[in-house]
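Inspection log for the structure reproduced underneath, given as structure tokens.
Each value in this text was obtained by applying a stated rule to the coordinates, not by laboratory testing. These figures come from a predicted structure and were not determined experimentally. Don't worry about glycine lacking a Cβ; one is built from the backbone with ideal geometry, like all the others, and counts go over all protein chains shown.
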């Protein structure tokens with residue numbers, strides 16, 4: 001059987017966030033078949049103190065429950081003027097049950113009065129694949145940028161309406177198309193690194 005006809009590996013997506021799932025599907029298309037997280041699985045408590053730790057908790061839990069390889073990511077926004085915060089607590093910056101809008105509002109409040117030149121930040125994503133036999137694949141992606149003074153754009157999710165990537169043209173992620181964002185984003189870089197991992201071309205990947 002030639003490579004074109006060979007079955008692709010299957011990974012179960014550990015995330016229940018529809019925005020993340022959609023991005024993962026787009027970025028891993030043609031490399032692995034991404035299956036949705038099974039309904040009824042309990043939520044994983046993300047209480048690690050690193051992005052890699054949280055990604056591992058999520059992927060390992062789903063891999064154990066499904067007995068298939070599972071993929072998860074964790075992303076932090078690191079703002080220099082806030083000494084790296086919100087970082088690993090980006091999703092819970094404004095509280096355990098905070099919405100994306102709550103988190104963005106708190107970020108803008110914390111940066112009130114901070115000049116543009118000092119609003120530097122970066123998105124940092126860690127992607128973790130856990131396989132049933134216990135092996136792991138880890139990739140990372142970083143995107144440098146700045147925090148805008150007000151929200152701009154209707155696309156994306158999370159902090160996208162506030163993040164202006166250095167590699168872009170002055171627009172926030174939320175003002176870009178998905179294709180434009182994926183080309184330079186932290187998650188795009190991490191997922192492309194995962195897609196290029198030689199494991200998917202090995203006989204163990206099927």
Open item on the list: If packing is taken as the average number of other Cβ atoms within 10 Å across a peptide's residues, how do 131-138, 186-193 rank, most packed first?
Closed with: 186-193, 131-138
Open item on the list: Take residue 199 and residue 8, extend 7 Å from each Cα along the Cα→Cβ direction, and tell me the distance between the two endpoints in nm.
Closed with: 1.7
Task: Ascending count of other beta-carbon atoms within 10 Å, so fewest first, for 20, 58, 181 - done: 20, 181, 58
Open item on the list: Please compute the contact order of the chain in relative form: average sequence separation of alpha-carbon pairs under 8 Å and at least six residues apart, divided by the residue count, as a percent.
Closed with: 19
TODO: On a 0 to 90° scale, report how tilted helix 18-28 is relative to the longest principal axis of the chain, with both axes built from alpha carbons and the result rounded to the nearest 10.
DONE: 60
Task: the chain - mean residue ellipticity at 222 nm from DSSP helices (-39,500 (n - 2.57) per run, n ≥ 4, rounded to 500) - done: -8000 deg cm²/dmol
- [ ] Neighbouring Cβ atoms within 10 Å as the yardstick, rank 179, 142, 44, 32 fewest first.
- [x] 179, 142, 44, 32
TODO: Could you work out how far helix 51-66 tilts from the main Cα principal axis of the chain, as a 0 to 90 degree angle to the nearest 10?
DONE: 30
Task: Principal axis box of the chain, alpha-carbon based, largest edge first, Å - done: 61, 34, 25
TODO: Relative to the longest principal axis of the C-alpha atoms of the chain, give the angle of the C-alpha long axis of helix 186-195, reported between 0 and 90° and rounded to the nearest 10°.
DONE: 10
Open item on the list: Just to be sure I understand the model, the point goes 7 Å from the Cα along the line to the Cβ. What's the resulting residue 114 to residue 171 distance in nm?
Closed with: 2.5
TODO: Taking only Cα atoms and a 10 Å spring cutoff, compute GNM fluctuations for the chain and point out the largest among 161, 86, 38.
DONE: 38
